[in-house]
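See structure below.
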Amino acid sequence: MNSYDIAVIGGDGTGPEVTAENIKVLDAAGQKFGFKLNYTDFDFGGDRYLRTNEVLPDSASDDLRNFPAVILGAIGHPDVAPGVLEKGILLRLRFELEQYINLRPVKLFDERFCPLKDKKPEDVDFVVVRENNEGLYTGSGGFVFKGTPNEVAIQESVNTRRGVERCLRYAFEYTQKRNKDKQLTLCGKTNVLTYAFDLWDRAFHEIGEADYPDIKREYAHVDATTMWFVKNPEWFDVIVTDNMFGDIITDLGAMVQGGMGIAAGGNINPEGTSMFEPIGGSAPKYTGQNVINPLAAICSGALMLEHLGENEAAKAIEDTVISVTREKIKDLGAGRMGYSTTEVGDLVASSL
Ligand code: IPM
Ligand code: MN
């Protein structure tokens with residue numbers, strides 16, 4: 001029987017609640033499909049920081065490297081200044097573990113939950129491959145004359161040929177494996193960011209032409225991409241983009257698929273430790289109320305199983321989430337599902 005050692009960071013706010021439901025469903029899938037997950041908890045998050053004054057122990061990445069995958073609930077605490085935990089835990093782990101891909105599927109499970117008029121599940125089914133280690137997120141830049149009237153703030157976008165190329169290759173491979181329209185769209189801003197996206201654009205066409213001639217290459221500026229997401233989401237199959245644009249368009253993507261209650265993502269290092277999370281935040285005001293929607297976390301569990309090679313189980317979880325969403329759930333928002341957090345987890349686990 002296959003068995004996997006999984007690290008669990010429940011994190012802040014409602015993170016631990018949705019993580020518990022994710023694990024409930026993963027264990028049910030393990031029973032059905034014959035694999036076992038062994039969990040090890042890590043207490044990283046706002047409470048630990050407030051208690052110990054340490055954001056993340058320096059040993060964290062080395063400890064996590066012993067696991068093929070990490071389940072992450074949410075990071076973000078109302079008593080901690082914005083940025084401290086996000087940069088100090090989430091971004092630090094993404095960087096140190098070289099999770100250079102942020103994979104974010106955008107799939108509408110039920111027409112009722114799409115804010116776009118007349119769009120159906122077959123119209124909203126694409127995947128964003130977001131570069132996850134570079135761009136504006138590296139922290140490169142600085143202040144000059146800070147706090148004076150002459151203050152200068154510079155924030156640089158870092159794009160290395162190696163970083164861009166490994167992201168593009170992953171996206172081409174993914175498009176091939178997904179085997180839907182065999183179309184990969186580069187989302188950029190070649191008309192203004194004439195250095196960064198010149199590199200992206202050249203690498204995109206060089207790699208595509210040489211190694212993936214069967215994949216159709218498209219290009220869209222990021223501003224136009226947001227327009228097409230709303231107007232013609234059916235045009236997209238796989239989209240590849242840099243870190244900042246990927247951050248922005250995937251929040252829009254999440255809304256198009258029904259909201260943060262359902263949107264999941266994977267921080268992927270194809271050769272190392274990957275980390276799977278619901279893309280919504282810690283929603284602190286709902287903590288402990290058993291009202292938050294765990295379906296995004298459960299979908300992130302399915303992404304993790306797919307990554308581990310348990311494809312049949314991953315597909316079964318997704319199919320079950322789709323049928324539960326269609327047949328039972330009243331609304332994807334917190335407190336409006338018609339069921340509690342734990343009941344939604346039970347529904348998925350039992351119908352599996
Ligand atoms: C996300 C989040 C993070 C990001 C924040 C919390 C640092 O918005 O995962 O999309 O910007 O990547
Ligand atoms: Mn974001």
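The values are calculated or read from the model by the stated rules, or taken from the named source; none is laboratory data. Model, not experiment: these values are computed from the prediction. Please note: Cβ atoms are built from the backbone with ideal geometry, for glycine as well, and neighbour counts cover all protein chains shown. Calculation scope for accessible area: heavy atoms of the full protein, side chains included, ligands and nucleic acids excluded. Shrake-Rupley method; radii C 1.70, N 1.55, O 1.52, S 1.80 Å.
For the stretch 291-317, a residue qualifies if it is outside any loop (DSSP other than H, G, I, E, B) and surrounded by fewer than 21 Cβ atoms within 10 Å (Cβ to Cβ), and the qualifying residues are 306, 307, 308, 311, 312, 315, 316.
Residue by residue through the stretch 79-121, note down the ones that are within 10 Å of ligand 1 (Cβ to nearest atom) and among the acidic types (Asp, Glu). Correct list: 86 only. The single condition among (1) under 13 Å from residue 107 (Cβ atoms); (2) within 16 Å of ligand 2 (Cβ to nearest atom) that residue 275 does not meet is (1).
Within the stretch 73-86, is there a residue that is under 16 Å from residue 279 (Cβ atoms) and within 13 Å of the chain's Cα centre (by Cα)? Checking the stretch 73-86: at least one residue is under 16 Å from residue 279 (Cβ atoms) and within 13 Å of the chain's Cα centre (by Cα). Just one of (1) closer than 23 Å to residue 134 by Cβ; (2) out of contact with any helix residue (DSSP H, G or I) (no Cβ under 8 Å at 6 or more places or on another chain); (3) of a type in the set (Phe, Trp, Tyr) fails for residue 286. It is (1).
Do we have any residue at all in the stretch 12-21 that's open to solvent by less than 20 Å² (accessible area, probe 1.4 Å) and over 16 Å from residue 284 (Cβ atoms)?
Yes, the stretch 12-21 contains at least one residue that is open to solvent by less than 20 Å² (accessible area, probe 1.4 Å) and over 16 Å from residue 284 (Cβ atoms).
Scanning the stretch 278-288 for residues that are within 15 Å of ligand 2 (Cβ to nearest atom) and part of a loop (DSSP other than H, G, I, E, B) yields a count of 5. For the condition open to solvent by 60 Å² or more (accessible area, probe 1.4 Å), under 27 Å from residue 256 (Cα atoms) and not hydrophobic (A, V, I, L, M, F, W, C), residue 111 qualifies. Selection of the stretch 258-272 for residues being more than 11 Å from ligand 2 (Cβ to nearest atom), of a type outside the set (Gly, Ala, Ser) and open to solvent by 10 Å² or more (accessible area, probe 1.4 Å) yields 269, 270, 271. For the stretch 230-256, a tally of residues being part of a helix (DSSP H, G or I) and within 16 Å of ligand 1 (Cβ to nearest atom) returns 14. Close Cβ contacts (under 7 Å, 6 or more residues apart or on different chains) running from residues in the stretch 321-342 that are under 11 Å from residue 291 (Cα atoms) and surrounded by 15 or more Cβ atoms within 10 Å (Cβ to Cβ) to residues that are at pLDDT 95 or above and of a type in the set (Ser, Thr, Tyr) comprise 334/286. No other residue among 237, 223, 247 is within 16 Å of ligand 2 (Cβ to nearest atom), touching a residue at least 12 places away in the same chain (Cβ under 8 Å) and not basic (Lys, Arg) apart from 247.
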